[in-house]
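The values are calculated or read from the model by the stated rules, or taken from the named source; none is laboratory data. This structure is a prediction, so every number in the text was calculated from the model and none was measured. Cβ sites come from the backbone with ideal geometry, for glycine too, and all protein chains shown count toward neighbours.
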Amino acid sequence: MLEAGIVGLPAAGKTTLFNVLTRAGVGPDFGKEHVGMAPIADERLGQLAAVVSAAKVTAAAARITDVPGTGPQLLGNLRRVDALVAVVDGFSAGADPEGDLERLELELLVADRDHVERRLERVSKQAKSGDAKLRAEVAELERVLEWLDSGRPLRDWEGSLPPELEPLTTKPVVPVVNGPAGIDLKLEAELAELPEEEAAAFRDGESALDVGRPPAVRGARPDHVLHRR
């Protein structure tokens, strides 16, 4: 199963994106981690179901984790995900999405440094027994730590990393700009409350209320999405 973790600076829209993807409807509960399932849309699924006359159609899903901060301990909960989704603020006055992405990259690098340092401390104690394999790992971890201290992510590391490590800076990062230059996540969260057909019609330029209505009465938009539009 695909797993993705949502990261971002405070008030960037992480939990809003989580709600868009999972339709979990969680509130702004600061300090709490959220985990949910997001269906993976695939138009071929319905076509295949029609061919085989399937009685039930179940879409594939991805496991989504939204962590409530960017500290090493919180980010450490995402070490086993397949990819990271980086939400950046693109709507506030003076917003700097590129700068925020750089800050997030630094947070991930710091979390990796903490991860490697902890592993190094543990293995160094064990290596006092004289085990050659552990002593070799200590030397390798020291080189990895020096690499991180120079500000370089582990995706640029030359060669293989110790298999016991679960670095964050080797994972694919998908940036999501929350604002006019990207995706209006607040609007998308409100559209997620509508039936899929109505939400799709709204995105195509029609009012969600226009679906199935006579042309003469089209044009009125739902109150709960009009102010976002």
Exercise for review: Out of the residues in segment 189-206 that are in a loop (DSSP other than H, G, I, E, B) and touching a residue at least 12 places away in the same chain (Cβ under 8 Å), state the one that is nearest to V20 (Cα to Cα).
Suggested key: A192
Check your understanding: Among G151, G179, which is the only one that is at positive phi, surrounded by 16 or more Cβ atoms within 10 Å (Cβ to Cβ) and under 24 Å from the mean Cα position of the chain (by Cα)?
Key -> G179
Review point. Pick from segment 17-36 the residues that are in a helix (DSSP H, G or I) and of a type in the set (A, V, I, L, M): which of them is nearest to the chain's Cα centre (by Cα)?
Key: L17
Check your understanding: Which residues, taken from segment 9-26, are touching a helix residue (DSSP H, G or I) at 6+ places or on another chain (Cβ under 8 Å) and on the phi < 0 side of the Ramachandran plot?
Key -> L9, A12, T16, L17, N19, V20, A24, V26
Exercise for review: Kindly indicate whether any position in segment 124-137 is surrounded by 19 or more Cβ atoms within 10 Å (Cβ to Cβ), touching a residue at least 12 places away in the same chain (Cβ under 8 Å) and more than 18 Å from the chain's Cα centre (by Cα).
Suggested key: yes
Exercise for review: Please enumerate the residues belonging to segment 143-188 that are closer than 19 Å to H115 by Cα, in contact (Cβ under 8 Å) with a residue 24 or more places away in the chain and among the small types (G, A, S).
Suggested key: G151
**Study point:** One residue from T65, T70 being in a loop (DSSP other than H, G, I, E, B), surrounded by 14 or more Cβ atoms within 10 Å (Cβ to Cβ) and hydroxyl-bearing (S, T, Y)
**Key:** T70
Exercise for review: Select from segment 73-93 the residues that are under 25 Å from V20 (Cα atoms) and more than 16 Å from the chain's Cα centre (by Cα) and write down the one among them that is surrounded by the fewest Cβ atoms within 10 Å (Cβ to Cβ).
Suggested key: A93
Exercise for review: Would you check if V116 is aliphatic (A, V, I, L, M), in contact (Cβ under 8 Å) with a residue 40 or more places away in the chain and more than 29 Å from G179 (Cα to Cα)?
Suggested key: yes
Check your understanding: Only one of E102, E98, E140 is surrounded by fewer than 19 Cβ atoms within 10 Å (Cβ to Cβ) and more than 20 Å from the chain's Cα centre (by Cα); which?
Key -> E140
Check your understanding: Is it the case that segment 83-90 has a residue that's farther than 24 Å from R113 by Cα, out of contact with any Lys or Arg (no Cβ under 7 Å at 6 or more places or on another chain) and not polar (S, T, N, Q)?
Key -> yes
Check your understanding: Which residues, taken from segment 55-74, are more than 28 Å from D42 (Cβ to Cβ) and in contact with a strand residue (DSSP E or B) (Cβ under 7 Å, 6 or more places away or on another chain)?
Key -> T70
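Do you know which of the residues in segment 154-176 that are assigned to a loop (DSSP other than H, G, I, E, B) and within 18 Å of the chain's Cα centre (by Cα) is surrounded by the most Cβ atoms within 10 Å (Cβ to Cβ)?
Within segment 154-176, the match that is surrounded by the most Cβ atoms within 10 Å (Cβ to Cβ) is L168.
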**Study point:** Residues (more than 22 Å from D184 (Cβ to Cβ), of a type in the set (D, E, K, R) and at pLDDT below 90) located in segment 18-55
**Key:** D29, K32, D42, E43, R44
Revision key, fill the gap. Subset of segment 25-44, residues buried (at least 17 other Cβ atoms within 10 Å of the Cβ) and under 22 Å from T58 (Cα atoms), comes to G36, A38
